[in-house]
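The values are calculated or read from the model by the stated rules, or taken from the named source; none is laboratory data. In this text the structure is predicted, and so the values were computed from the model without any measurement. Glycine gets a Cβ as well: all are built from the backbone with ideal geometry, and neighbour counts include every protein chain shown.
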Amino acid sequence: MDFLYERIGEIIKQIEKLRCSRMWEVNGWKGIRRHIPITDYLNVNKWEWREGKDVLKDTKKGAWFALTTEIIIKKDMSGSNLELWISTGREGRWDATNPQIAVYINGKLEQGLDTNHRAIYLCRNAEEGNRYEVTLLVYTGEEGKIEEWKSRLCAVDETITGLYYDLSVPWKCLELMEEGSGEYLKLLKILNDTINILDLRKPYSTFFWESVENAKAFLKKETEKLPKSEVTAFCVGHTHIDIAWLWTLEITREKAARSFSSVLKLMDRYPEYKFMSSQPQLYEYIKENQPVLYKKIKDKIKEGRWEPEGAMFLEADCNLTSGESLVRQCLYGKNFFKQEFNVESHILWLPDVFGYSAALPQIMKKCGIDSFMTTKISWNEKNKIPCDTFWWEGIDGTKILTHFITTRDYEKNGKRISTNNEFTTAFSTNYNGDTEPSQVKGAWQRYQQKEENQNILISYGYGDGGGGPTEKMLETARRLRRGAFGCPAVKLETANNYFSCLHTIAEKQKFPLWSGELYLEYHRGTYTSMAEIKRFNRKGEFALLNIESLGTLGEENGIYNYDRMRIRKLWKILMRNQFHDILPGSSIEEVYTEAEKEYCYLFQETEKIQEEELSVLTEAIEGEKGEIIVFNPNGINITEIVESVWPEEKISGVKQGEVIYPVQKTENGTWIFKAHCLPQKGWKKYQLIKEESVYWKQVFFWDDTSIETPYYYLKWNEKGQIASLYDRVSKRQLLKDGMCGNVLMTYEDKPYKYDNWNIFEYYQEKKWSIEDLISRRVVESGPVRMAVELIWKYLDSQIKEIFYFYPDSARIDIHSEILWKEEQILLKALFPFDLNVRDATYDIQYGNVKRSTTANQSWEQAQFEVCFHKWMDISECDYGISILTDSKYGVSVDKNQIGLTLLKSGVYPNKNADKGHHKFVYSIYPHKDDWRKAGVVGEAYGLNNPPVATIKRNKGDYLPSSYSSVDTGEKNIIAEVWKKSEDGDGIILRIYECWNKRTKAKLTFGRCFRRIYLCDMLEVREKLLAENTSVCEIECRGYEILTLRLEI
């Protein structure tokens, strides 16, 4: 018979309407237009509240208001299960940016509402005369408003609701089957026979209820005979909440409260429901603002129904965040879960981050994290990773079991059976999943390791802006738990149980290996968007490491009280702004206004703390009044320019031991000199020389267009581009024949989607070089450095660059200052070097990676823009050139042409992105031999974290004139961290190997330690290395990160 499928669907629609047996309009709303913060209990004087219709009239985007009414249970409502259904007219729109409501019943926070959660569960078995004061705190959302307000009280029948889902779920499964197949015809017959049992002539009549019971019994009996799937879908309730994105941090606080209260409300109704939530930052918000809600969450955690997981403090960007910041994200995140909930976190849960560093596997393992989950790599433009469950190998060889969630809609005969509006490409998957049959079966269809593993993972629940699972999702999951109807069996579980099962399977099955970074072939613009925020992040990372090092220096010498809690608070500010939509530059303008305020506070505090630390240390170092103390906060010996303000006007040099070094007064009135071989995490003392007899030979020569230094002959053209760069020492031209260097090139950058996120390869189609040179002049020339200033005008913007040349270093520093007023214009600095190379080396977190600079196949072609940290290098066998930078992360390398990306200036979601004032530094560092022998790592640290000079105000005291907290003894072993332990009982030293060279290092400390332990990154002792000594020998494998705990 024809159209049975359609017939069944029509009957199901009618049954759905019968779920609400009676309905009453709810009126009498009163309200007020203002923001009332979400708390556990509402204590608001409502005497000034006016008619609700006046409050609801002409509501705007981003508006706050509150409504209240009283519902009195009448006789005809008695015994019913009552739900208050709220409609704003925005149903069907994206919940994250449309109306969101916090619901209070009799003054108590009960749940949240949004476009997907529309029912307030008022009461079961209503009793006549009971009164319910319903108060709604409404936020219209960033894109929403109230278009049509409706509020209706509904008597919802559980039996009919059950029948509706009993029928609708297998009916949806029919659509996924091949029509005419045995399974299709069998299920079709069962559903049609069930429909035939129903008597719908007079709903709610005695024969109606009898037919409903008979139909349910028949359907249950017949479907139990159907074959069961051997595949299990572990479904984890979840809501992805972006800490900030198209909304601010303050909005997120309330998103979390609404979402989490809704989860708890559903848990009361569905005992099988389990929910997982990551990001301790969200829990901290709840703890601060809704302590009663927080206690309920803790109770559910104890019951095993609420799973706090994810490891990191929040879901941070993993391209731009430093290695130590990634460690702290895991350290603070895991410590929070342990201290607050007594839970060990084992999964790094990062569904929506824009690429994953090859340093992560080692960091995960040494933080006690054994599993990794994401979906984002499925957004690749060109290439699909050929596995979904695999061992991910980092740069040091550490392997972590990794699983990509594969949730997506099922495809039948090339057509997608659509269930939602999620981003979809040929092979993308979804972290805001559903328990709908199409998504459950689609997840198995998309999974690539079917032979090795028959368990898949689905994260279900509305997300990005919160929301979470719905009644419909939970009811659907109940009907799919047996694995009938041609779908995998749905099991509501925790993420930990899934990965525990996966690890067990991995012991028997050989999963594939993926070695190296997980590069996202998308969102390449996030390496550059919102350049100032990226600069603040880099400066903040070093500022925090510096105050830790200096504070520990003071405390280990008994002269300073290290304030761990004060520093921890500052780390949380930094970590919060490393969220994967803040640091990458993909949030709205208001988010960056907040971020700049937070960074301003961070820098004020770190500067204040550093001044305290330096003052105490300086006065404790033996020496005369007026002598200079130069501090090196880096864990590598550096030779670097020191800049300071000195009270003396007539200074001819500085002296260290018997050696005198030249000084120079800068254009800004400060003094500079070159400090040589500064001790690691320590200091060195210098004396000012005032004799006028000291003479320094002239080493720089120039005319209108060219200069000569001990290292280079350099010539500019009339456009301000480097027309020639000749290495005098190596006797070679560095630029390709007929091409110029430091060409400031602009490109039309108009992504067809996700403007501030993306750079598409077609940006190269249209370009304009900056050629309107306004001026070129020598602004400094002396024995320490020479400075040449160039200024260009471009459209409505101005670019100023000062080139610094040195008599004793091949490095050329370019200090850039830009007033940028353009939109959708990408700015790069191009360097076509005359080198025969096929790959480049890039600094990343705690190590470096090589990437091809050719485009021979699709994987290479996709990496036309990549990220790096402090330096990158292209080298031949015995000669190379490095680019160093203090805050730029994006770069393109086409064989031997380097294109350092300076600014992006997109317009969505922040129309003013990158407009304004920018200051940054990048450097050209040509060198003999490879980057290792050339000391590129030290040069990069010196540029990013220069030494700091102080002047002794008094004579004294007892600390030596030169000191190093720790000397690694090897150029490839970097002491990154020197800080007080989290428990306050020791000092933590974190070192890493940066050359991929197994090394036996002899660590020499500035003092004797009672015990030295090897520990993990959580600072837990693992092995005693030495006792009562100031020396410790340790072996470090290539790119290995080692953490030591030292006890005084």
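Restricting attention to strands (runs of 3 or more DSSP E) lying wholly within the stretch 953-1033, give those where 3 or more residues are of a type in the set (Ser, Thr, Tyr).
Strands (runs of 3 or more DSSP E) meeting the threshold: 962-964, 999-1015.
Which one of these is surrounded by fewer than 22 Cβ atoms within 10 Å (Cβ to Cβ), under 20 Å from residue 38 (Cα atoms) and of a type in the set (A, V, I, L, M, F, W, C): 249, 219, 226?
249
Identify all residues within the stretch 9-45 that are within 30 Å of residue 215 (Cα to Cα), assigned to a strand (DSSP E or B) and basic (Lys, Arg); write none if there are none. Talk me through it step by step, then tell me what you get.
Quick first cut of the stretch 9-45, residues within 30 Å of residue 215 (Cα to Cα) only: 9-24.
Filter once more, so that each one left must be assigned to a strand (DSSP E or B): 20-24.
Matches in the stretch 9-45: 22 only.
Anything in the stretch 333-361 that is of a type in the set (Phe, Trp, Tyr) and more than 15 Å from the chain's Cα centre (by Cα)? List them, or say none.
Passing the criteria: 336, 337, 341.
For the stretch 383-425, give me the residue count where each residue is part of a loop (DSSP other than H, G, I, E, B), touching a residue at least 12 places away in the same chain (Cβ under 8 Å) and either of a type outside the set (Asp, Glu) or loosely packed, with under 15 Cβ neighbours inside 10 Å (or both).
Here the count works out to 22.
Please enumerate the residues belonging to the stretch 858-896 that are assigned to a strand (DSSP E or B), touching a Lys or Arg at 6+ places or on another chain (Cβ under 8 Å) and among the polar types (S, T, N, Q).
885, 892
Kindly indicate whether residue 630 is over 39 Å from the mean Cα position of the chain (by Cα) and surrounded by 20 or more Cβ atoms within 10 Å (Cβ to Cβ).
In short, no.
Quick one: in the stretch 951-989, of everything that is of a type in the set (D, E, K, R) and over 22 Å from residue 614 (Cα atoms), which residue is surrounded by the fewest Cβ atoms within 10 Å (Cβ to Cβ)?
Taking the stretch 951-989 and keeping what is of a type in the set (D, E, K, R), we get 952-953, 955, 957, 967, 970-971, 976, 979-980, 982-983, 985.
This time we only want the ones that are over 22 Å from residue 614 (Cα atoms), so: 970-971, 982-983, 985.
On the way: 970: 19, 971: 17, 982: 15, 983: 9, 985: 11.
Result: 983.
Every residue in the stretch 596-618 that is among the hydroxyl-bearing types (Ser, Thr, Tyr), over 20 Å from residue 964 (Cα atoms) and in contact (Cβ under 8 Å) with a residue 60 or more places away in the chain, please.
The initial filter retains those residues of the stretch 596-618 that are among the hydroxyl-bearing types (Ser, Thr, Tyr), namely 599, 601, 606, 615, 618.
Filter once more, so that each one left must be over 20 Å from residue 964 (Cα atoms): 599, 601, 606.
Listed by number, the residues that qualify are 599, 606.
Kindly check whether there is at least one residue in the stretch 328-335 that is surrounded by fewer than 20 Cβ atoms within 10 Å (Cβ to Cβ) and farther than 30 Å from residue 525 by Cβ.
yes
Report the residue count in the stretch 63-113 for those that are among the hydrophobic types (A, V, I, L, M, F, W, C), in a strand (DSSP E or B) and crowded, with 20+ Cβ neighbours inside 10 Å.
We begin by selecting, within the stretch 63-113, every residue among the hydrophobic types (A, V, I, L, M, F, W, C); these are 63-67, 71-73, 77, 82, 84-86, 94, 96, 101-103, 105, 109, 113.
Subsequent filtering for residues that are in a strand (DSSP E or B) retains 64-67, 71-72, 82, 84-86, 101-103, 105, 109, 113.
Now restrict to residues that are crowded, with 20+ Cβ neighbours inside 10 Å: 65-67, 71, 82, 84, 86, 101-103, 109, 113.
Number of matching residues: 12.
Among the numbered criteria (1) farther than 30 Å from residue 237 by Cβ; (2) assigned to a helix (DSSP H, G or I), which one does residue 558 miss?
Here residue 558 clears every test but (2).
For the stretch 810-857, name all the residues that are part of a loop (DSSP other than H, G, I, E, B), of a type outside the set (Val, Ile, Thr) and either within 30 Å of residue 908 (Cα to Cα) or without any contact (Cβ under 8 Å) to a residue 60 or more places away in the chain (or both).
821, 822, 823, 824, 838, 845, 855, 856, 857
Working only within the stretch 637-657, note down all residues that are surrounded by fewer than 23 Cβ atoms within 10 Å (Cβ to Cβ) and among the aliphatic types (A, V, I, L, M).
Hits for the stretch 637-657 are 641, 645, 651.
Matching residues to (1) modelled with pLDDT under 95; (2) over 22 Å from residue 257 (Cβ atoms); (3) of a type in the set (A, V, I, L, M, F, W, C):
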| site | (1), (2), (3) |
| --- | --- |
| 56 | yes, yes, yes |
| 62 | yes, no, no |
| 68 | no, no, no |
| 82 | no, yes, yes |
| 89 | yes, yes, no |
| 92 | yes, yes, no |
| 96 | yes, no, yes |
| 106 | no, no, no |
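Given the conditions (1) in contact (Cβ under 8 Å) with a residue 60 or more places away in the chain; (2) out of contact with any Ser or Thr (no Cβ under 9 Å at 6 or more places or on another chain), which single one is not true for residue 74?
(1)
Here's the yes/no breakdown for (1) at pLDDT 95 or above; (2) of a type outside the set (Val, Ile, Thr); (3) over 33 Å from the mean Cα position of the chain (by Cα):
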{"residue": "204", "(1), (2), (3)": "yes, yes, yes"}
{"residue": "212", "(1), (2), (3)": "yes, no, yes"}
{"residue": "223", "(1), (2), (3)": "yes, no, yes"}
{"residue": "233", "(1), (2), (3)": "yes, yes, no"}
{"residue": "239", "(1), (2), (3)": "yes, no, no"}
{"residue": "244", "(1), (2), (3)": "yes, yes, no"}
{"residue": "248", "(1), (2), (3)": "yes, no, no"}
{"residue": "252", "(1), (2), (3)": "yes, no, no"}
{"residue": "258", "(1), (2), (3)": "yes, yes, no"}
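In the stretch 762-791, what residues are more than 22 Å from residue 666 (Cβ to Cβ), acidic (Asp, Glu) and within 38 Å of the chain's Cα centre (by Cα)?
Once the filter is applied, which keeps residues that are more than 22 Å from residue 666 (Cβ to Cβ), acidic (Asp, Glu) and within 38 Å of the chain's Cα centre (by Cα), the stretch 762-791 yields 765, 771.
Considering every residue within the stretch 720-733, establish whether at least one is in contact with a helix residue (DSSP H, G or I) (Cβ under 6 Å, 6 or more places away or on another chain) and among the hydroxyl-bearing types (Ser, Thr, Tyr).
The answer is no, given that none of the residues of the stretch 720-733 is in contact with a helix residue (DSSP H, G or I) (Cβ under 6 Å, 6 or more places away or on another chain) and among the hydroxyl-bearing types (Ser, Thr, Tyr).
Out of (1) small (Gly, Ala, Ser); (2) touching a helix residue (DSSP H, G or I) at 6+ places or on another chain (Cβ under 8 Å); (3) not in a helix (DSSP H, G or I), what's the single condition that is false for residue 587?
Condition not satisfied by residue 587: (2).
Please go through the stretch 773-809 and pick out each residue that is assigned to a strand (DSSP E or B) and among the aliphatic types (A, V, I, L, M).
Scanning the stretch 773-809 gives 773, 774, 778, 779, 786, 787, 788, 790, 791, 799, 802.
Do any residues in the stretch 1014-1032 that are over 11 Å from residue 990 (Cα atoms) have Cβ atoms under 9 Å from those of residues that are small (Gly, Ala, Ser), where the two are at least six apart or on different chains, and which pairs are they?
1018/368; 1020/368; 1030/1006; 1032/1001; 1032/1026
I'm checking my understanding of the structure. Among residues of the stretch 644-691 that are of a type in the set (Lys, Arg) and in a loop (DSSP other than H, G, I, E, B), which one is modelled with the highest pLDDT? Step through it out loud before you land on a result.
Going residue by residue through the stretch 644-691, those that are of a type in the set (Lys, Arg) are 650, 655, 665, 674, 681, 684-685, 690.
From the residues that got through so far, the ones that are in a loop (DSSP other than H, G, I, E, B) too are 650, 681, 690.
On the way: 650: 81, 681: 97, 690: 82.
Looking at residues that are of a type in the set (Lys, Arg) and in a loop (DSSP other than H, G, I, E, B), I get 681.
Identify the residue in the stretch 199-247 that is among the β-branched types (Val, Ile, Thr) and in a helix (DSSP H, G or I) and, among all such residues, is nearest to residue 352 (Cα to Cα).
223
Would you be able to say whether some residue in the stretch 361-375 is aromatic (Phe, Trp, Tyr) and surrounded by fewer than 17 Cβ atoms within 10 Å (Cβ to Cβ)?
No: the stretch 361-375 contains no residue that is aromatic (Phe, Trp, Tyr) and surrounded by fewer than 17 Cβ atoms within 10 Å (Cβ to Cβ).
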